[in-house]
1. Give the range 12-52 a look and list any residue that's among the aliphatic types (A, V, I, L, M), in a helix (DSSP H, G or I) and exposed (fewer than 14 other Cβ atoms within 10 Å of the Cβ), or say none.
2. When you check Asp6 against the structure, is it open to solvent by 100 Å² or more (accessible area, probe 1.4 Å) and assigned to a loop (DSSP other than H, G, I, E, B), yes or no?
3. For the range 29-51, check the following and say yes or no: at least one residue is of a type in the set (Asp, Glu) and more than 12 Å from the chain's Cα centre (by Cα).
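The values are calculated or read from the model by the stated rules, or taken from the named source; none is laboratory data. What you are looking at is a predicted structure, and each value in this text was computed from that prediction instead of being measured. Quick reminder, even Gly has a Cβ in these numbers, built from the backbone with ideal geometry, and neighbours come from all protein chains shown. Heavy atoms of the whole protein, side chains included, go into the accessibility calculation; ligands, DNA and RNA do not. Shrake-Rupley method; radii C 1.70, N 1.55, O 1.52, S 1.80 Å.
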Amino acid sequence: MFGNTDKPIEKTVNDTFGIRSYVDGLCRFILNCDTPMTISIQGDWGSGKTSMMNMIER
């Protein structure tokens, strides 16, 4: 059986959403930001929010 599950991915090598470039960009932004910042990640159910957070954490 092929397809995506609802289980969030844990590593960037399993990036089934193709969001690696967004994760890399957001990580660079966070690391280079000189002031405190609040970041919101919004999306529909199953759109990859938790997966993105897992990739950013790694």
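1. The answer is Val13, Ile30, Leu31.
2. no
3. Yes, the range 29-51 has at least one match.
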